[in-house]
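Below is a structure I'd like to ask you about.
Read-outs throughout are calculated quantities, based only on the coordinates presented, and are distinct from any laboratory measurement. The model shown is predicted, which means the values in this text are computed figures rather than measured ones. Virtual Cβ from ideal backbone geometry, glycine too; neighbours counted across all protein chains shown.
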Amino acid sequence: MKSLEKEIKNILINTKNGDKVLGYIEELQNKIACLEEHCEHHHHENCECGCHNEDEDEWQEIETPYKSNLTVKNWENLLNDETVFDKESLIIMKRMRHVAAPTSSAELADMFGFGAMYYKMEIDKLAKRIEQKLNIADLKEYSWSILFDGWENKDTSERIFALNSELYEALGNIDLSNIALR
């Protein structure tokens, strides 16, 4: 995972500079696919993704009491419901999809402006609206898990998040051209 962390940092640095972002994202996607396909349950010494023994990983997935069973179509319907996804939340979703890699609220703030607290508060409000709309029991501090997969650094307790795959795909299926990225 250390190599993935470096790749994520490279993407974020290059996103800020506007250089070769798509190439970095493609490389990262290939490495993630390699991890998922070859390395999830055992380690291959000659693996091209640069992975290493799981015991040495700094990042671990955050276990939550909620696992989404929403389909891409469910997400498309929610995304088109203005009582759930208001303009602010669509802007954040577009930004998360644009980054296309696990990131933190602080990194979003660095890339797109506003403060980290803005992203945390808006995501929390959105998650609460989804909980209400879908009659999901209050997830308290895990409300974000409706929208994202999350990882925590064992050493620093830093957390990063990525859109869940169905939401990521649904965002690509709807027209967000009228939503400003910056």
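Report the relative contact order of segment 56-182, percent, no decimals, based on alpha-carbon pairs under 8 angstrom and at least 6 residues apart.
40 percent
Still on this structure: How far apart, in nanometres, would the label points at residue 62 and residue 174 be if each is projected 7 angstrom from Cα along the Cα-to-Cβ direction?
2.3 nm
Let me see the pair-distance distribution of segment 58-182: every alpha carbon pair, 5 Å bin width, integer percents in order.
Bins of 5 Å from zero give 2, 11, 22, 26, 22, 12, 5, 1, 0 percent of pairs.
Can I ask one more? Just subtract the alpha-carbon distance of residue 84 and residue 71 from 0.36 nm times their residue separation and send over the number in nm, one decimal.
Roughly 3.0 nm would be gained on extension.
When you count, for each residue, the other Cβ atoms within 10 Å and take the mean per peptide, how do 98-105, 133-140, 58-65, 157-164 rank with the highest first?
Ranked by mean Cβ neighbours within 10 Å, highest first: 98-105, 157-164, 58-65, 133-140.
For residue 124 and residue 137, compute 0.36 nm times the residue count separating them, minus their Cα-Cα distance, and round to one decimal in nm.
Full extension from residue 124 to residue 137 adds 3.2 nm.
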